[in-house]
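Each value in this text was obtained by applying a stated rule to the coordinates, not by laboratory testing. Nothing here was measured: the structure is a model prediction, and the numbers come from that model. Cβ placement follows ideal geometry from the backbone for every residue including glycine, while neighbour counts extend to all protein chains displayed.
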Amino acid sequence: PPKRPYFVDCRSPEQETFSCWWSAGDYQNLTGPGALSVFFQKNRDVWRECPDYSTAGENHCYFNSTYTSIWIPYCVQLRSQIQDIVYHQMCFTVDEIVVPDPPVGLNWTLLNISQTGQHFDILIQWEPPPSADVKKGWISLVYEPQYRAINMSDWKPLEVERARYQSVYGLKTGMEYEIRVRCKQTASEKFSEFSDHLYVYIPKVPTKETLFPFTMILIFGAVGVIIVLMLIIFSQQQRLMVYFLPPVPVPKIMGIDPELLKKGKLDELNSILSGHHTFKPELYNDDLWVEFIELDIDDQDGRSNHSDTHKLLGSENLNGNCLNIKDDDSGRASCYEPELPDSDTLDRSQAEAREEKASLLDSEGKAAHSSTADPSPPGRSHPGATAEGASRSHPQIQSQLSSQSWVNLDFYAQVSNITPAGGVLLSPGQQSKIEKTAEAHSSPKTQKCQLAMTTDSAYTSEMDAKNISATPSLNGNEPKVTVSPYTVSEAPASSVPPVSDYTTVQAVDSQQSLLLNPSTLPTKGTPMPAGYLTPEQLNSIMP
Amino acid sequence: MSEAYPGLVLLLVLQVCAWVLLLWRFWGVLGYPLDCKDEQGNVISCISISLEKLLDRVIQHAELIYHVSEESCTLFEEMFVPVSMRTQQNRASNTCITKAFPIPGSKSEIQKISDKWLLHSVLMLVQSWIEPLVYLQKTLDRYDDAADTILNKTKWVTNKLSSLEQGIVELIRKMLDEGLLAVEHQQTLTRFNVQPEVVESILRDYAVLTCFKKDAHKMEVFLKLLKCRHTDKMSCYIS
């Protein structure tokens, strides 16, 4: 159906007058003036026709202040000219249709510019629409400014406030801005039209802008360089320290880490130092007791040790004595065959290799061996000796010791000499006894300080004493050497004087034999240690 | 006598309480001067507020009340009123019947009204709306939780209206040198002319809100006019 004529809107700009305008719709024949009429009703009173059709323009009905009452309901009707058809009716109150005019007098002032010169703030001001009677308080308006950059399309609204001024912050220099303002009644929703546009522009300040980043670049560059330098210094700290402060040379042995010495790792140290020919590993051996007992065949100096060892033990001597005195009927020297476990055959091979060395055994013992004069080197003896000699290690010696009879073993051996190497040369005790007896028979002339040598046994048996004392009868001129536990005088031989352990030496005769004092009873006197002479006694004895 | 002491003390206390309760009702009415304190906190005689300040405060009240009532009306319309009934025609059809004495609507006429008349008109308006708003709160409770905002606004408006009333009374006393007691709150709900065919409570409530908004606007305008007259009498009379 065709659209009927209708009221478009009614508006009051200042709440003192109002006007309504209409549209003819599809009825084109009604567009001309006078084709339609407007009637209004005020406060449900009578209907009256529009007082002014022309002031507001075509199709407008204008009501001036005499017709306008606020808070009073109005109704307007759009009627045909004939006034019989009502096309449209509209009711309202004037305070509801108030739409003010736009503000006027928009201007701006500069508040400040930032230090960088990039941004600035402004204060914009305006005046209320002249039609609105704001001064008397008849109408209360609120305003809303908006701004945008020229090339942008979106308007940025600011706060809706009652004040007639506002500040705009953060505008950029060198850019042109556009500002506009609109207003409305406090409680209404309808805004006015926008005011005229205001253009704001502040040119850029070139000097500040160019200097600022330059100084910043300088500062950051310097800081970066400093950081890089610090990193270099810290990473190469060791090298720089060596370069600038060279280390003071400390004493040290080439090839040896001082740490080894500190930690006490002797094995490693030994291995390192054994390369040096001057080094003797034995010095670092913990076992000092083994020093003198351990035998080293390879070592030339150790031969004396070799001989000394089995002399100390007496095993060889026993063997030698056995072989040497096999014709002796003294029976004193118990002879036995040493039980050598398989070492006999084992050592034979060793013995043949070392036969030369074995022949050089024991220069002091030669006398003992030669006196009994067995020129033929006994095949058995030497091997036996060498066997004895070969077995010089502790366990072998000990095994031999265990194989022998302990009864006949001499626990003590006489120290005959001390080698320069520090070894001790021992002479067997029984050998000396046997020697004495042999000498008594064979060579009475041989003089020996038998007494001095027979210190191994503190006791001499009676038989020995008689035998010994018997020798002077044979020798004749020889002074009597009486060694007896008895204080025996020559005349009374039948009486048995009490035995005393000690005898004082009375004198030393020309043959350098000790004359013991028989009368002295050592038991009553101060006991003298066997075999020892005090220097005073010696002085008294010696002629 | 010593045994009767507690009893006498109790009696005395009861008497005092009774008198206090009796007189409490009329405390403010009798115009007992309030204890005022200056900046240091010392009790001094009250310094009455200046007329300009009082007028400003009253105008502030009126503006706020109008603003909040307008919000409530808009909210109610969006929530509960069908779109078909939101036309201006329907708004105006729910006319608000004013008081017995007519208030002129045009600006020229209003400007001719005397101060006394203005003040009394405002006072009458304020007093006439307190009860309907209380009634409106009760009706809004029957709505669902969506009306809580409107209910809160209505409550707030009711409170502010009471203080506005006190302000107007004081203003009348100052400007017109008249003494007024607390007036009676007479109000009839029949002033709201609801269309006979629409008896829904929604429209009735909507009518109440709309009419109150109009009257709040009236108060604000009147008081502003009054202020203009007070500051610059000559220019305010020229329309």
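Brief remarks follow.
- Stretch gain in nm, segment B:Asp115-B:Asn159, where the contour uses 0.36 nm per residue and the Cα spacing is subtracted: 13.3 nm
- Kirkwood-type radius of the stretch A:104-202, with distances r between different C-alpha atoms, in Å: 14.3 Å
- In this simple spin-label approximation, A:Asn43 and A:Asn29 carry label points 7 Å from Cα along the Cα→Cβ vector, and these lie 4.1 nm apart.
- Sorting A:Cys10, B:Cys17 by the number of Cβ atoms found within 10 Å of their own Cβ, with the fewest placed first, yields B:Cys17, A:Cys10.
- Percentage, to the nearest whole number, of Cα pairs in the stretch A:6-97 over 16 Å apart: 49 percent
- Counting neighbouring Cβ atoms within 10 Å and putting the fewest first, the residues A:His88, B:His230, B:His61 line up as B:His230, A:His88, B:His61.
- For the stretch A:47-191, averaging the sequence separation of C-alpha pairs within contact (under 8 Å, six or more residues apart) and dividing by the residue count gives a relative contact order of 20 percent.
- Counts of other chain beta carbons within 10 angstrom of each beta carbon in peptide B:68-81 average 1.
- Counting only other chain Cβ atoms within 10 Å of each residue's Cβ, the peptide A:89-95 averages 5.
- Taken residue by residue and averaged, Cβ atoms of other chains lying within 10 Å of the Cβ of A:55-66 number 1.
- Residue pairs, from the table A:Lys136/B:Lys107; A:Lys135/A:Lys156; B:Lys53/B:Lys112, whose Cα atoms sit over 18 Å apart: A:Lys135/A:Lys156; B:Lys53/B:Lys112
- Placed amide H near A:His88: partners under 5 Å, 5+ positions off or other chain: A:Leu78
- Taking amide H as placed 1.01 Å from N in the peptide plane, the amide H of A:Ile202 sits under 5 Å from that of A:Gly174, A:Met175, each at least 5 places away or on another chain.
- Among B:Ile65, B:Ile110, a tally of other beta-carbon atoms within 10 Å of each Cβ gives an order, fewest to most, of B:Ile110, B:Ile65.
- Computing FRET efficiency as 1/(1 + (r/R0)^6) for A:Gln512 and A:Ala421, where r is the C-beta to C-beta distance and R0 is 30 Å, gives about 0.50.
- Take every Cα pair under 8 Å whose residues are at least 6 apart in sequence, average their separation, divide by the length of the stretch A:6-97, and the relative contact order is 30 percent.
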